[in-house]
Amino acid sequence: MDRKKELKQLYKETEIEAGVFQIKNNANQKVFVGSTRNFKTLNGVKFSLETGVYISAQLQEDWKAFGKEAFQIDILETLKKKDSPYFNEKEALAELENKWLEKLQPYGDRGYNSKKPA
């Protein structure tokens with residue numbers, strides 16, 4: 001029982017990291033770029049895909065067609081948090097995600113993202 005308490009405490013003490021990730025289909029090279037305020041939630045992303053309820057319908061269809069073995073999830077960049085009272089994590093994360101969307105252009109035949117209106 002002590003081991004369980006120890007693991008729980010270790011989990012609580014682990015720093016929460018935010019950043020940008022990609023889900024890559026190795027069969028057709030299409031990618032989905034997303035961001036999260038907590039990388040621990042990537043297990044939830046996998047769970048959503050495995051249960052058929054992920055937010056990207058096209059990615060969900062390919063997950064079902066190709067199988068989970070065809071996909072990999074990678075962290076593209078971790079958000080560097082600033083110790084400033086004016087630092088807005090949500091805005092900084094959106095900027096970081098936009099940087100990667102611009103760089104990878106995961107739209108149409110290249111990916112699963114939808115272009116956001118300007």
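The values are calculated or read from the model by the stated rules, or taken from the named source; none is laboratory data. As the structure is a prediction and not an experimental result, all values here were calculated from the model. Note that we place each Cβ from the backbone using ideal geometry, even for glycine, and neighbour counts take in every protein chain shown. What goes into the accessible areas is simple: the full protein's heavy atoms, side chains included, and nothing from ligands, DNA or RNA. Shrake-Rupley method; radii C 1.70, N 1.55, O 1.52, S 1.80 Å.
For the residue pairs LYS40/LYS99; LYS12/LYS81; LYS24/LYS115; LYS68/LYS99; LYS12/LYS99; LYS4/LYS81, alpha carbon separations beyond 24 Å are given by LYS68/LYS99; LYS12/LYS99; LYS4/LYS81. Taking only protein heavy atoms and a 1.4 Å probe, the accessible area of the chain is 51% carbon and sulfur. Helical runs (DSSP H, four residues minimum) scored at -39500 (n - 2.57) apiece and divided by the length of the chain put the mean residue ellipticity at 222 nm at -12500 deg cm²/dmol.
Size descriptors for the chain: radius of gyration and Dmax over Cα atoms are 16.4, 54 Å. Measuring between their Cα centroids, the range 87-109 and the range 2-46 lie 17 Å from each other.
For an R0 of 22 angstrom, estimate the FRET efficiency from the Cβ-Cβ distance between ALA65 and GLN29 and round to the nearest 0.05. Walk me through the numbers before you get to the answer.
Working: r = 15 Å, r/R0 = 0.68.
Calculated transfer efficiency: 0.90.
Excluding GLU102 itself, calculate the net charge of residues whose Cβ lies under 14 Å from the Cβ of GLU102, where each Lys or Arg counts +1 and each Asp or Glu counts -1. Display every interim value, and only then the final one.
Values: positive: LYS99, LYS103, ARG110, LYS115, LYS116; negative: GLU77, GLU95, GLU97.
It works out to a net charge of +2.
Only Cα pairs under 8 Å and 6+ residues apart enter the sum, and on that basis the relative contact order of the range 3-105 stands at 35 percent.
Once fully extended, how much extra length lies between LYS115 and ASN88, figured as 0.36 nm per residue of separation less the alpha-carbon to alpha-carbon distance? It would help to have the intermediate numbers written out before the result.
Details: separation 27, 0.36 × 27 = 9.72 nm, distance 2.38 nm.
Residue separation times 0.36 nm, minus the Cα-Cα distance, leaves 7.3 nm.
On the basis of the beta-carbon distance and an R0 of 35 Å, ILE75 and GLU6 show a calculated FRET efficiency of 0.85.
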